[in-house]
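Trainee: Quick one: the structure is below, and I'll ask about it shortly.
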Amino acid sequence: MKLPSKTSASLGLGLTVGLASLAINFIRRRALTTAAAAARVPPALPKRPKMVPYGKVPGENRGEQPMEPIIYLEDPYYYVRDDTRTNKEILDHLRAENAYTKAALSHLDGPQDELYKELLSHVQETDQMVPYPHGDFVYYTRTEEGKAYRIHCRKPRHDDGAEEILLDVNKLAEGQAHCDVGSVEVSPDHKLVAYSVDFQSYETYDIYVKDLTTNGVTKAVTGCDGGFEWGHDASTLFYVTQDDAHRSHKVWSHALSDTSSQSSDTCLFTEADEMFRCGIFKTRSDRFLAIATSSSVTSEVHVLDLQQPPAADGFICVAPRQEGVLYDVNHWHDSFLISTNRDDARNFKLVSVPVDVVFDKQATAEWTPVFPYDPSVKVDGVSCFDSYFALFGRQHGLTQLWICSYDTDGKTVVKKQLDMPEDMYTLGGSVNMEYNSVVHRFTYSSMTTPVQTVEYDTVTHTTTILKETPVPNYDRSLYQCERVDATASDGTIIPISLVYRKDKKKPDGQLQALHLYGYESAKYLTKMTTFTDFIACAEHLVAT
């Protein structure tokens, strides 16, 4: 028998190995293809029909004016709801949905990365807000490149002292799967800082207090909604807890001297109506703590004089809730300033009531207009200081700011509207901590101007831009803003703000992204107006 040569033997072995390799690769590719195809098939849940009641169900809060009689509709996926978030079948389905989404969008991985890089190129990661004065310090937050969270700091107000870090959220987040800081508030004596944080991603917060002398940290409160206020001094914290539906409904006081148990905290207020949720705030004068409780269309405010020991019977209701009436309260001198839609003031009006009348339970609190109601002006709220108050609102489709103060007679309130440098812009609030300040800070921006922190001096009537948010790789001279008006089908004038790059504008038209926002006149039975207005705007842009 003739033995195979070394060459032929090597060739045969090579062919065998090659064929085997091809077979393995084929099987592997087929498996991967099958897996990819499976991942691209949308996961499906089985239907399990259940008749669900809609309307006025006995023993249940179904909102305002529920339907009568009850109707029943079939819901094949009613079982999917799982408030405990422990149902394995549902959790597995959600994971399958996520896997499907990831597979279906995998072809966009490259563009997503490019888009992220482009957006990041316009962000200055290392930045600092304008420090704001508060007591003997100036406070501010700053960010550092590569770090996800803010750093809360302060410096001495009257000398160039070293920076003191109050809270570095980046360090706080170390080792945590989730970290959301709700509020950060320094105590009235500036010796403590309290902050609320959620580590569970369930929007339930714990409050910690840090001693700024020793840097010691203690957990003061567990299980609140994230909002809190200091009392008249550093001995008391006020906070709000939630019910099982995550509705903020109870206000408590906590004495920091009691480190034994939260069970000794005092419940000051309970909102029993499931349609309402409450929150707390302290007036800038530091005189009153207010509880604001509201539904979507009705509100009520209770105030506590912080010069008195906190007690449930110390809260006074400014005005009992009335269906469809909204109002909020601020303290100015011997009065409460109230913005409200009461008495058919659809765009809200500003009224006042003496503090002593509100606290005199036997007296009738008559609300006196600060200014005559003007339906062309939307009143959004006030920010009060010792020598003036700032009135925020809307007029001519734009946000406006009025500085208001007593006239020379000491009785009449006069207002001055601040002029803005552009025809289209947006104003917002800024940090103004000191009640005795004569300057007012606010934010200004437009479709071509980055956010600016602006300060207005109420004595000299001068305006100073303190900072403009840096936007790298942006040249505002390339862009143009315009405002045009479209006419709705019912004759209403709809303002349209346009922004475009000047060198890209084509004389024969171009593609546009159109976003429309409306509210009061296009909801409930008039919802169709949303769509007819959108069409009117689109037709106007096409025609012009």
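Trainee: Please determine whether any residue of the stretch 40-51 is modelled with pLDDT of 85 or more and either closer than 30 Å to VAL297 by Cβ or in contact with a Ser or Thr (Cβ under 9 Å, 6 or more places away or on another chain) (or both).
Mentor: No.
Trainee: Same structure again: If you check ALA363 against the conditions, is it part of a loop (DSSP other than H, G, I, E, B), more than 27 Å from THR241 (Cβ to Cβ) and either aliphatic (A, V, I, L, M) or at pLDDT 95 or above (or both)?
Mentor: yes
So that you can scan it fast, the table gives a plain yes or no per residue for (1) closer than 19 Å to THR463 by Cβ; (2) touching a residue at least 40 places away in the same chain (Cβ under 8 Å):
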{"site": "VAL379", "(1), (2)": "no, yes"}
{"site": "CYS384", "(1), (2)": "no, yes"}
{"site": "SER387", "(1), (2)": "yes, yes"}
{"site": "LEU398", "(1), (2)": "yes, no"}
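Trainee: Considering the stretch 318-350 alone, what residues qualify as being assigned to a strand (DSSP E or B) and either aromatic (Phe, Trp, Tyr) or modelled with pLDDT under 95 (or both)?
Mentor: TYR327, TRP332, PHE336
Trainee: Of the conditions (1) within 23 Å of ARG284 (Cβ to Cβ); (2) in contact with a helix residue (DSSP H, G or I) (Cβ under 9 Å, 6 or more places away or on another chain), THR449 clears all except one; give me its number.
Mentor: Against the list (1) within 23 Å of ARG284 (Cβ to Cβ); (2) in contact with a helix residue (DSSP H, G or I) (Cβ under 9 Å, 6 or more places away or on another chain), THR449 comes up short only on (1).
Trainee: Moving on. Any chance the stretch 407-423 includes a residue that's surrounded by 14 or more Cβ atoms within 10 Å (Cβ to Cβ), of a type in the set (Val, Ile, Thr) and within 30 Å of CYS481 (Cβ to Cβ)?
Mentor: Checking the stretch 407-423: not a single residue is surrounded by 14 or more Cβ atoms within 10 Å (Cβ to Cβ), of a type in the set (Val, Ile, Thr) and within 30 Å of CYS481 (Cβ to Cβ).
Okay, residues lined up against (1) touching a His at 6+ places or on another chain (Cβ under 7 Å); (2) surrounded by 12 or more Cβ atoms within 10 Å (Cβ to Cβ); (3) in contact (Cβ under 8 Å) with a residue 12 or more places away in the chain:
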position: PRO49; (1), (2), (3): no, no, yes
position: TYR54; (1), (2), (3): no, yes, yes
position: THR84; (1), (2), (3): no, no, no
position: LYS88; (1), (2), (3): no, no, no
position: ALA99; (1), (2), (3): no, yes, yes
position: ALA104; (1), (2), (3): no, yes, yes
position: ASP113; (1), (2), (3): no, no, no
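Trainee: Further question on the same structure: In the stretch 426-477, what count of residues is obtained for those that are free of Cβ contacts under 8 Å to residues at least 40 places away in the same chain, farther than 20 Å from VAL138 by Cβ and buried (at least 18 other Cβ atoms within 10 Å of the Cβ)?
Mentor: Result for the stretch 426-477: 4.
Trainee: Also, quick follow-up: Name the single residue that is farthest from the chain's Cα centre (by Cα) among those in the stretch 188-208 being farther than 11 Å from GLY223 by Cβ and free of Cβ contacts under 8 Å to residues at least 24 places away in the same chain.
Mentor: That would be TYR208.
Trainee: Could you check the stretch 240-312 for strands (runs of 3 or more DSSP E) lying wholly inside it with 1 or more residues that are among the basic types (Lys, Arg)?
Mentor: Where strands (runs of 3 or more DSSP E) fall fully within the stretch 240-312 and carry at least 1 residues being among the basic types (Lys, Arg), they are 248-255, 277-282.
Trainee: In the stretch 418-478, which strands (runs of 3 or more DSSP E) lie fully inside it and hold 2 or more residues that are among the acidic types (Asp, Glu)?
Mentor: The qualifying strands (runs of 3 or more DSSP E) are 452-457.
Trainee: Which of the following residues is surrounded by fewer than 12 Cβ atoms within 10 Å (Cβ to Cβ) and modelled with pLDDT under 95: ASP160, ASP109?
Mentor: The unique qualifying residue is ASP160.
The values are calculated or read from the model by the stated rules, or taken from the named source; none is laboratory data. The shown structure was predicted, so the numbers you read here are calculated from the model rather than taken from an experiment. We place every Cβ from the backbone using ideal geometry, glycine too, and count neighbours over all the protein chains shown.
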